[in-house]
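All of the numbers you see were taken from the coordinates with simple rules; none came from a lab. Keep in mind that this is a model prediction, so the values were computed, not measured. So basically every Cβ, Gly included, is an ideal-geometry build from the backbone, and we count neighbours across all protein chains shown.
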Amino acid sequence: MNDDRVFLHCCCGPCALYPLQVLRREGFEVTGYFDNPNIHPYKEFQARLGSYRLMAETNGLRTRVEDRYGLELFMRLLKETDEGVYRAKSDERCALCYKLRLDKTAAACREAGLKTFSTTLLVSPYQRHDLIRETGGDIAAAYGLTFLYRDFRPGFRQGQAMAREAGFYMQGYCGCVFSEYERYGERS
């Protein structure tokens, strides 16, 4: 195992651009990892996966992709948070989503022979950094790994501009059916 390597969970191509720059500047050798079973609908999943692959190719990012559509797994985990159609409790829903994706990242990181992982979720000003940091730390400890926390939020707009300039698909919501409804649906 090598201390200058990091396994980076990527929620999408645009969100990976700025963290990738920062980590490379810090001297890390980055391996990207796409596994996002929360994304809905299927066409959105395919668009984000395609954008991620394009970003990885154009930036010379070694990557591992889990390209199966995992919505059933995500919804099964959310069963206890259900408050009706499009009304999963946001705090519980996001906590389960972070845990699911970071746990899968840690397992893949260890399988790849690396000992440090992080996530591009940390670039978004819309995500709960305190919860991501805590969840990542807990999961890292359980796997005997290190969770690399960086506050990438100052570069969020820069990364989005870079993605637009490169012609990457830009999503309008976090990814799950509930966040899609919160963004585009009626609020009551």
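Miscellaneous remarks
- Proximal aspartates and glutamates relative to Lys115, as straight alpha-carbon distance under 16 Å, when same-chain residues fewer than 8 apart are discounted: Asp3, Asp4, Glu29, Asp103, Asp138
- Counting neighbouring beta carbons within 10 Å and listing from fewest to most, the residues Arg48, Arg62 come out as Arg62, Arg48.
- Put a dot 7 Å past the Cα of Glu26, heading toward its Cβ, do the same for Asp3, and the two dots end up 1.4 nm apart.
- Calculated [θ] (222 nm, deg cm²/dmol) that DSSP helices of n ≥ 4 give over the chain, each run adding -39,500 (n - 2.57): -16000 deg cm²/dmol
- A DSSP coil position with no more than 12 other Cβ atoms inside 10 Å describes the following GluC sites (Glu not before Pro) in the range 1-71: Glu26.
- Converting phi to 3J(HN,Hα) with the Karplus coefficients 6.51, -1.76 and 1.60 and the offset θ = phi - 60°, the range 42-54 yields 4, 5, 5, 4, 5, 5, 5, 5, x, 5, 4, 4, 5 Hz in sequence order, with x at every glycine or proline.
- Under 5 Å, built H, 5+ apart or other chain: amide partners of Thr116: Phe7, Thr146
- Packing, as the average of other Cβ atoms within 10 Å across residues, places the peptides 118-131, 162-175, 5-18 in the order 5-18, 118-131, 162-175, highest first.
- Fully extending the segment from Val65 to Arg183 would add 39.8 nm, taking 0.36 nm per residue of separation and subtracting the current Cα-Cα distance.
- Relative contact order of the chain, pairs being alpha-carbon contacts under 8 Å that are 6 or more residues apart, as %: 30 percent
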